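A quick write-up on the structure given underneath.
Values quoted throughout were computed directly from the atomic coordinates according to the rules given, and no laboratory measurement underlies them. This structure is a prediction, so every number in the text was calculated from the model and none was measured. Don't worry about glycine lacking a Cβ; one is built from the backbone with ideal geometry, like all the others, and counts go over all protein chains shown.
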């Protein structure tokens, strides 16, 4: 395989763009996910992937083969992401940017600026068998919304160092070469990033996705039944006492069982909205997720939102409901546009 890659690279250096595509195709999906970890947005990550491939094509003559092609592409992608971070606001979830809302108040308008974290289809995330054992986080742990929200609070270089060291398992020397830093500076940045990560949550295990066991399956079945029956009592019974409900791009969010139930009974589970929802299971950010369809005036079920759940100790601690105002989100997840 190494010999084949060398032959294709030789053709690519000679100007064969098809050969370039062939030799970079195996890395495109993981580079997309790398950009997503850096920027918190699939759309931004797609832009970074294209920029990475463009830079790689233009600089192919500079690739000497002393490091694997994969590492060289990651170096380019990381630096392209750092360049992008200088021009773009950090992504977040509403609880990091706004106070919790009154559940009985009118809903605020959506925030049109690109400030929110975006969900990532699980189908894009590979558990790579060749990841260095020094990696602290599994692939799916490192794309959970809680982990990403914490990453977005880190300065760009600290974010890059943490991802390269603790997610990809690179050693300090490799990271130093990729980011043109000293090993001492890399170790210092990693220590500061880990410290901030630890301060943000005493329980790092909350980043881990819920396991597919019988208890989780039963919990999710009851969750679907509660939504489709518009039964707020049944729904809040599945939540932790301190559970959170967000609805990007709306800035409003709700905290605690009582406020979440009040919001549901005031805005969703009432009048014409009762029993108008259907949920379809999917996976996002290493977590259980549901595509939500709502019946329109003609009784046709249209995309309404994508709910990503966080489950802790058999209860739901977060519902991040990414509302749909067009078809792009469902299309990205390969979901039907009619429920």
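Per residue of the chain, the DSSP helices (runs of n ≥ 4 H) give a summed -39500 (n - 2.57) that works out to -13000 deg cm²/dmol at 222 nm. Projection of the Cα convex hull of region 60-138, averaged over all directions and equal to a quarter of that hull's surface, yields 9.4 nm². The mean sequence separation of alpha-carbon pairs under 8 Å and at least six residues apart, normalised by the residue count of the chain, gives a relative contact order of 16 percent.
The spacing between region 120-191 and region 40-76, judged by their C-alpha centroids, is 17 Å. Neighbour counting of Cβ atoms within 10 Å sorts the residues 253, 57, 170, fewest neighbours leading, into 57, 170, 253. Neighbour counts of C-beta atoms inside 10 Å place 338, 308, 167, 8 in the sequence 338, 8, 167, 308, starting with the fewest. Working note: Debye formula, equal point scatterers on the alpha-carbon atoms of region 157-307, no solvent; log10 I(q)/I(0) at q = 0.11, 0.15, 0.20 Å⁻¹ is -0.62, -0.89, -1.25.
Test of understanding: in a Gaussian network model of the chain with alpha carbons linked when under 10 Å, which of 293, 254, 301 would top the mean-square fluctuation ranking? Maximum fluctuation in the GNM of the chain, among the listed residues, is at 301. Sorting 32-40, 136-144 by average packing, meaning the other beta carbons within 10 Å per residue, from highest down gives 32-40, 136-144. Here region 45-93 has an Rg and Dmax of 12.4, 42 Å, counting Cα atoms alone. Once the gyration tensor of the Cα atoms in the chain is diagonalised, the equivalent ellipsoid follows with semi-axes of 39, 22, 18 Å, ordered largest first. Every Cα-Cα pair of region 1-144 was included, and the share exceeding 26 Å stands at 38 percent. For region 222-339, the equivalent ellipsoid derived from the Cα gyration tensor has semi-axes of 21, 17, 13 Å, listed largest first.
Taking only Cα atoms and a 10 Å spring cutoff, compute GNM fluctuations for the chain and point out the largest among 297, 86, 134. In this elastic network of the chain, the residue with the biggest mean-square fluctuation among 297, 86, 134 is 297.
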